[in-house]
Amino acid sequence: MFKMTSNIVRNLVVKKSTRKYPVEVREPFAQVRGELINDIERCIFCGTCELKCPSQCIQVDKKACIWTCDPFACVYCGICVDTCPAKSLYQKTQYRSPTTERLIISQQGQPRKKAKDREKAKEAPTAEPGTDSPPPAVPPAEDG
């Protein structure tokens, strides 16, 4: 028992090694993998991130263009970020702030035109004002 007395006295005098998180937040380490973010404007909804995710926290609805992530299931490994072909996923250098309720991140995007549709749109002629386009049809006036 007397062997621990010096250790107890020293712990009373020395600065504490723990912090009162989330009141006291320390700076993150260099190249930390923090909160997962999806730039939905760049996302092509291919589903690669969903297939590669080891914790299965990402769901991609290709038809409705909805990307969903459960941050409580995410292990922040960064595999989805590395495999994203559109480079729409990235990770912040800060962790998510603590919450008391479970939050599911769901983002709605716009459907992308396929390459064939884009080529057809380029080939279709468009009439500009002041060019040789036919005048709009005017219905005949009725005599009354």
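We did not get these values from a lab; they are worked out from the coordinates using the rules stated. Note that the structure is predicted; figures quoted are calculated from it, not measured. Positions of Cβ are backbone-derived with ideal geometry, glycine not excepted, and every protein chain shown enters the neighbour counts.
The table for this structure:
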read-out: Packing-based exposure ordering (other Cβ within 10 Å, fewest first) of TYR76, TYR90; value: TYR90, TYR76
read-out: Residues whose placed amide H lies under 5 Å from that of ARG96, excluding near-sequence neighbours; value: GLU35
read-out: Integer Hz, Karplus 6.51/-1.76/1.60 couplings in order for the range 94-108, x for Gly and Pro; value: 10, 7, 5, 6, x, 10, 9, 10, 6, 10, 10, 8, 10, 10, 9
read-out: Distance histogram for the range 40-108 (every C-alpha pair counted, 5 angstrom bins, percent rounded to whole numbers); value: 3, 16, 28, 28, 17, 6, 1
read-out: Cβ-Cβ FRET estimate between CYS46 and ASP70, R0 fixed at 22 Å, reported to 0.05; value: 0.65
read-out: Cα→Cβ-extended label distance, 7 Å offset, between GLU24 and THR83, nm; value: 4.1 nm
read-out: Within-14-Å neighbourhood charge of PHE72 [Cβ basis; K, R +1; D, E -1]; value: -1
read-out: Chain lengthening between LYS16 and GLN107 when straightened (0.36 nm per residue, less Cα-Cα); value: 28.5 nm
read-out: Neighbour net charge for SER88 - beta-carbon separation under 10 angstrom, K R +1, D E -1; value: 0
read-out: Prolate/oblate/rounded label for the range 3-56 (Cα gyration tensor, a/c 1.5); value: prolate
read-out: Members of LYS62/LYS113; LYS62/LYS87; LYS16/LYS92; LYS52/LYS87 lying beyond 20 Å, as alpha-carbon distances in this model show; value: LYS16/LYS92
read-out: Likely footprinting exposure, VAL81, VAL14, fewest C-beta neighbours within 10 Å first; value: VAL14, VAL81
read-out: Karplus (6.51, -1.76, 1.60) ³J(HN,Hα), θ = phi - 60°, over the range 56-63, in Hz, Gly and Pro reported as x; value: 6, 8, 10, 10, 10, 9, 5, 6
read-out: Calculated from backbone phi, Karplus (6.51, -1.76, 1.60) coupling profile of the range 71-82 in Hz, x at Gly/Pro; value: x, 6, 8, 5, 9, 6, 7, x, 5, 5, 5, 5
read-out: Rounded Å value of the spacing that divides the Cα centres of the range 95-115 and the range 12-52; value: 16 Å
